[in-house]
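Before any comments, here is the structure.
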Amino acid sequence: MQIESLKVFCDLAETESFTKAAQINSVTQSAVSQTISALERQFRSLLIERSKKNFRLTPEGEVLYDYSKRILQSYDSLQSKLQEIENVISGDIRVATIYSIGLHVLPPYVKRFLKNYPTVNVHVEYSRHNEIYEDVLGNVVDLGLVAFPSRDPKLEVVLVRKDSLVLICHPQHPFAKLASIKLKALKGQKFVSFERDIPTRKALDKILKDHGVSVEHVMEFDNIETVKRAVEIDSGVAIVPQETVAQDVTNQTLAVVRISDGDYVRPLAVIYKKSKVLSPAIKQFIALLKETL
């Protein structure tokens, strides 16, 4: 039995998915199945109750999972301690991020980090916010980058940035002539929105409600780029993080108007599992992101 086999087993137990366990360990689903079968033969016990509808560990599987997690955490701590003693920053960092952060905020920091630590591999993937939380808790990724972070007793939340929220509109829209605007001026306006379950949408809905402002939601999208494209063709106005429209303003495809009756920001945070042992590389990456706060 190798420690890699225990890791595959734990990843499968946490994700309840042969596909995700294979993805995390860069192996095939068949290899995951073979690893589990080998462990069952070694311990002479059924570890997983296999069915198409349900995934469940047997009592023996639960025991193996508990002890395997301790072994893996001790092993990760050992590796991390040795790297710290030798002042080595290397390895892989798996990051899941929402689109707006991944496209407009993260790239310069990844570039700077890789320049400082060329032996580290940073893998970035784009996901919806709910999937990021699931992947962090399931150890599919090491870190998640989210907006308006939710609290979870199993997660560590590190605030790294606050982006100003601004109104955007078509350059020929009447609002484009204004330097600033009050929220009450948006009453009855056609509004291009994020989908209802997205945290930024929930925060914007609360802001508008608190000011007694109702808008006409004409379109709803799950990412910042499609929101901007809709505003570009004058389908409506929108409120977005200022960082995400800098290039569009330079290109004169969008106009930005400051909101004058409040300092509204979008908090960004790094999330990771509290039980996770952070490698020196991950610690340095988080430290770099925190410098911007």
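No value in this document is a laboratory result; all are computed from the given coordinates. Note that the structure is a prediction, hence the values are computed from the model and not measured. Here Cβ is always computed from backbone atoms with ideal geometry, including for glycine, and neighbour counts include all displayed protein chains.
Numerical summary
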| read-out | value |
| --- | --- |
| (1) 18.1; (2) 15.8; (3) 26.7, with the label sought being that of the calculated mean projected area of the Cα convex hull in nm² | (1) |
| Residue-averaged 222 nm ellipticity for the chain, from DSSP H runs of 4+ at -39500 (n - 2.57), nearest 500 | -13000 deg cm²/dmol |
| Selected from LEU46, LEU204, LEU186 as most flexible by GNM, with the chain as the system and alpha-carbon contacts under 10 Å | LEU46 |
| Cβ charges +1 (Lys, Arg) and -1 (Asp, Glu), total dipole of the chain, debye | 440 |
| R0 of 35 Å, Cβ-Cβ distance GLN73-VAL218: FRET efficiency to nearest 0.05 | 0.10 |
| Surrounding net charge for ARG94, when Lys and Arg each add one and Asp and Glu each subtract one, Cβ distance under 11 Å | -4 |
| Of ALA176, GLY61, VAL227, farthest towards positive along the dipole that unit charges on Lys, Arg, Asp, Glu beta carbons give the chain | ALA176 |
| Pairwise FRET efficiency - ALA179 versus GLU49, Cβ, R0 = 45 Å, nearest 0.05 | 0.10 |
| Cβ-based exposure ranking for VAL110, VAL270, in which fewest neighbours within 10 Å come first | VAL110, VAL270 |
| Taking GLU291, GLU243 and counting other C-beta atoms within 10 Å, the order from fewest to most | GLU291, GLU243 |
| Exceeding the 27 Å Cα-Cα cut-off - candidates LYS53/LYS206; LYS187/LYS228; LYS7/LYS273; LYS182/LYS290 | LYS53/LYS206; LYS182/LYS290 |
| Cα-Cα over 22 Å, subset of LYS20/LYS69; LYS81/LYS283; LYS115/LYS162 | LYS115/LYS162 |
| Likely footprinting exposure, PHE9, PHE191, PHE175, PHE43, fewest C-beta neighbours within 10 Å first | PHE43, PHE175, PHE191, PHE9 |
